[in-house]
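J.: First, the structure itself, so that you have it in front of you.
All of the numbers you see were taken from the coordinates with simple rules; none came from a lab. In this text the structure is predicted, and so the values were computed from the model without any measurement. Note that each Cβ is placed from the backbone with ideal geometry, even for glycine, and that neighbours are counted across all protein chains shown.
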Amino acid sequence: MHVRYITMPRYYFKCSDAGYNCSYEVDGATAEELEPKIKIHARYAHNLFEVPVEKMNAFKAAIKEKETS
Ligand SMILES: [Zn+2]
């Protein structure tokens, strides 16, 4: 019997992928879910109190999708 799983797309963000020398990582079910977490991290870890649009776009571009089985 073949059981087919609906694989839930999971998204993850590594701060190092956005160009920081930083080990912060976060993941979530949607890319949107990650954005506020990235903003909070950027604020406290990188002194970006207001994340500029270009920087936010760079963060979003660094969000990657992974498959979980
Ligand atoms: Zn960071």
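J.: For segment 18-54, enumerate the residues that are assigned to a helix (DSSP H, G or I), more than 23 Å from K66 (Cα to Cα) and not aromatic (F, W, Y). Spell out the reasoning first.
T.: Step one: filter segment 18-54 for residues assigned to a helix (DSSP H, G or I), giving 18, 31-46, 53-54.
Still in the list and also more than 23 Å from K66 (Cα to Cα): 43-46, 53-54.
R43, A45, H46, V53, E54, listed by residue number.
J.: Restricting the first residue to segment 26-44 and requiring it to be within 16 Å of the ligand (Cβ to nearest atom), which pairs with a second residue that is part of a helix (DSSP H, G or I) and not hydrophobic (A, V, I, L, M, F, W, C) meet a Cβ separation below 6 Å and a spacing of at least six or different chains?
T.: Correct list of pairs: V26/K37.
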